[in-house]
Every structure is written in structure tokens, then in C-alpha cells.
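For reference, the structure discussed in these notes is given below.
The values are calculated or read from the model by the stated rules, or taken from the named source; none is laboratory data. In this text, all values refer to a predicted model and were calculated from it rather than measured experimentally. As a convention, Cβ positions derive from the backbone with ideal geometry for all residues, glycine included, and neighbour counts pool all protein chains shown.
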Amino acid sequence: MKFIDEYRRSDLGKALARKIHRSSTKKARFMEFCGGHTVAILKHGIRQLLPPTIEMVSGPGCPVCVTDNVDLDKAVALAQLPGVILATFGDMLKVPGSRSSLQEAKAGGADVRIVYSATDAMEIARKNPTQSVVFLGIGFETTAPTIAASVRQAEQESIRNYYVLSLHKLCPPVIRVLLDSGEVKLDGLICPGHVSAIIGSRPWEFIARDYHIPCVVSGFEPLDILQSVDMLVAQIENGDARVEIAYRRGVHSEGNQTALALMNQVFEVCPAWWRGIGVVPNSGLKLRPEFERFDAELAFDFDSGPAIEHKGCLCGEILRGVKTPKDCKLFATVCTPERPVGPCMVSSEGSCAAYYLYGASYG
Amino acid sequence: MCLAIPALIKSISDKEAEVEIGGISRRANLWLTPEAKVGDYVLLHTGYAISIVDPEEAKETLKLLEEIAELAEEE
């Protein structure tokens, strides 16, 4: 496929790996923030191509994984209300909440439907005018504008039974929290390519400026990632710290202004709960007052009960880059993709699921 | 979850496009990329085109990678 196959050429990959081996003299730990990058790195065996000077750690960039039980329980409670159809991306279905997953709620009679897009959720609303359709709004800056567009479209078409449970999260604020915690020391950051397609490269500049950590915005094919690592190594060797874009075919420094304007029109920033991290100020999005009739939290009366975390699950530490899935006693024993204990084993781009599928030999 | 794949726009009607991904036809919502035209590749994420692929930048990146490979050969 065009714009994919060219970036998987093994001859160019080997050449990039050789260049990285030659140029990397300083020990460096790079975080790939995005779960999509974690999957690509493990799937294409990129770690084996890198010199021993370079360590890669996975970050919290998996929206399903960072959704706290506090919020997941709300979705389950909403799904169990009579007359409600809960529409969700498929990844959320098997995440065990405090007392039930959405899948278990569905087995118990709740009307939970998997959708591929917010437009599908709106279609369900059009076809079921006597029921209320709640769309579980999960995702980072990549996804939030699509939900904003759906809210605007529902407003224009006067779809009155469409609601959003907005659990969207913003990436730059949580990186600041991770860096301030001092728990994980980073020498470089591979910035998420599709979040950056929306927000551009400027929101990452504080990382280079305030923390002197080089940043490269990367695409998701193996050559994209190797090129990004090469660019990070070049900055490290020169003692530089700036934000560069490797993924130039998809990302502009100013981002997608149409998408940003729509997102800002419909949503305003708010604090958000991150699993394993806690409440991060200004890292969530809620519907603005003028769109509050679409807000599922305001429209329905429900009690989601106290949130409980599963004992022994290390998802929180893994999301902070402090531990790897191999450090977790439950990994691949009690916790598997078929019977996941934590969300990092549920989501296809969760670190645990990616290690389970592709990374059995990594420590 | 932030997965987005390049899709070729075949036709546009209002704010919706018919796109092709590896021979398969899908619908793409163009609310976020109203400037997209037939023949453009867009990054498709959950049914929405979130960015237009820049073919010139794509070519430049590949050229750069090929130059790196040539240099690696010489050394």
C-alpha cells in the first residue's frame, strides 16, 4: 500500500540501523509515548536492531490503558440504565472495571454496541429515536476532534438522543507530570505521530526547553521509527535538545487548525484521572456549557460506586515507564489477552498485550 | 488507538468521501480536512480524515533515507 510499503524497506532499515550503531556512543533511554509505537517496535523487532547504548521504554500513550476505573465504572453504570444504548470502541469492552467490564454488563442484558467511529454511534441514535445513545468518548487529541465533529453534526441534524461520556485526555500535560515525578529518567522522547497530526509539534517544545530532552515526532512504520531514533541519537551526541519532525508526510508544525478549532469549540480543558498516575490538571476535555445537553454525565442519574483497583496488577507502574510487563507477576500467568486483569493486556496497543504477542523474549 | 492509515480519496459528496485502502472501499468523514480533494491521500482515523498526506514530504523523506543507505554502503 502506498505510503506504507515504502517505509518498510529492509535495505533502508538495515542502513539506518548501521548508522545508529556507528553514531551512538552515549548511553540513552528513549520513551516511545504512544502505544502504537510500542506495538510497531516489538512487532518489527526494532529493539534487536539498536545498539546496547540505547534503551527503549514504553509510555502511557494508550487511551484505553490510562482510563481509570473511576471513569470506566461510569460507563458500566450508564450502560446498565434502562433505555440506554452504550456505543464504544471495541478495545474498551473487556477492560475489567471495579465490579464489571462492559462485556460482562452486556452479558447481563445491557445494550452495549461496538462501533468503529463516532459517525456509527450517531447512526445508531438516528435509527433508535426512542432510546438514548451514549458514546464512550475515549482517546487523545487524535480522537477528540472526531467526537467534537459528531457533537456538532448531531446539533445540526437535531439528533436529540445522542450523548457523549467525555473521557478524552491530553498528552503534553501528562508528560510534564511524568518528568516532574523523577521516577523515570529520559534522554529522548519519541512523540506520538497522530496526536501531533492534530496538535502539531509546538506543544512538545516545553520538553526540550524546560527539561533539555530531545523530541522527535515519529510515524508508525519501521523506517519512521528508526529514522526518529537516529535523529534523537544525533541530538544526544551533539548535546542538543529540540523538537524535530521525522513524520513530515503526516505532521505539520502547526497541526490541523480545523480540527483544533472544532475541538476547542466543543470542549474545554478539565482535570482528568489517569490510571496509575492520578488526577492531572488540565489534561482532560469536557463539553463546554453550550454543548452540555450532549453530556451524558449531566443528562443521566447514575451511581457508579467506589472505584477498586485489582491487587497485584502493575499497569500503573508500566504506564509510568517505571516497570515493564515482565516485572509483573500476573503477566502471561494469571493475566492474558483472553482473561485480562489490567487494561494494558486488553488493548491491542497496551504494553502487556504487545509484549505478550511479540516480545516474549525481552526482559 | 491513535491508529491512522493512508487512504486514497476516490470521490467526495458534501463532507463525506469514498476512499480506498489497499483495494477496499470505505467511507471517510471530511469534517476535519475540508480542503481534501479527490486524488489526495488522507490519514484515516476512526472514520475521519485527520490529515492530508503530503506527497512531496513523503518523497523527500525517502530520498533522505536512500542517501543514508548509500553513505552506509560507501563506508
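Checked against the criteria, A:Ser158 counts as over 16 Å from A:Leu262 (Cα atoms) and without any contact (Cβ under 8 Å) to a residue 40 or more places away in the chain. In region A:137-230, counting only helices (runs of 4 or more DSSP H) that sit wholly within it, the ones holding 1 or more residues that are within 30 Å of B:Glu66 (Cα to Cα) and under 21 Å from the mean Cα position of the chain (by Cα) span A:193-199, A:205-211. Among the residues of region A:18-31, those that are surrounded by 17 or more Cβ atoms within 10 Å (Cβ to Cβ) and either within 8 Å of another protein chain (Cβ to nearest Cβ) or within 14 Å of B:Glu73 (Cβ to Cβ) (or both) comprise A:Arg18, A:Lys19.
Every residue, every condition in (1) assigned by TED's automatic domain parsing to the domain that holds A:Lys94; (2) touching a Gly at 6+ places or on another chain (Cβ under 6 Å), yes or no:
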{"site": "A:Thr119", "(1), (2)": "yes, yes"}
{"site": "A:Asn128", "(1), (2)": "yes, no"}
{"site": "A:Gln131", "(1), (2)": "yes, yes"}
{"site": "A:Ala149", "(1), (2)": "yes, no"}
{"site": "A:Gln153", "(1), (2)": "yes, no"}
{"site": "A:Gln156", "(1), (2)": "yes, no"}
{"site": "A:Tyr163", "(1), (2)": "yes, no"}
{"site": "A:Leu189", "(1), (2)": "no, no"}
{"site": "A:His194", "(1), (2)": "no, no"}
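Of the residues B:Ile12, B:Ile52, B:Ile68, B:Ile24, the single one that is among the hydrophobic types (A, V, I, L, M, F, W, C) and facing chain A (nearest Cβ under 8 Å) is B:Ile68. Taken as a whole, the structure places B:Thr46 among residues that are without any contact (Cβ under 8 Å) to a residue 12 or more places away in the chain, within 30 Å of A:Thr67 (Cβ to Cβ) and out of contact with any strand residue (DSSP E or B) (no Cβ under 7 Å at 6 or more places or on another chain).
Every condition in (1) part of a helix (DSSP H, G or I); (2) more than 8 Å from chain A (Cβ to nearest Cβ) is met by B:Ala58 except one, and the failing one is (2). Examine region A:57-77 for a residue that is facing chain B (nearest Cβ under 8 Å), without any contact (Cβ under 8 Å) to a residue 60 or more places away in the chain, out of contact with any strand residue (DSSP E or B) (no Cβ under 9 Å at 6 or more places or on another chain) and among the aliphatic types (A, V, I, L, M), and state whether such a residue exists. Within region A:57-77, none of the residues are facing chain B (nearest Cβ under 8 Å), without any contact (Cβ under 8 Å) to a residue 60 or more places away in the chain, out of contact with any strand residue (DSSP E or B) (no Cβ under 9 Å at 6 or more places or on another chain) and among the aliphatic types (A, V, I, L, M). Name the residues in region A:218-258 that are under 21 Å from A:His21 (Cα atoms) and β-branched (Val, Ile, Thr), would you? A:Ile225, A:Val229, A:Val233, A:Ile236 - these are the residues of region A:218-258 that are under 21 Å from A:His21 (Cα atoms) and β-branched (Val, Ile, Thr). Among all positions in region B:29-41, there is no residue which is hydrophobic (A, V, I, L, M, F, W, C), in a strand (DSSP E or B), surrounded by 14 or more Cβ atoms within 10 Å (Cβ to Cβ) and within 8 Å of chain A (Cβ to nearest Cβ).
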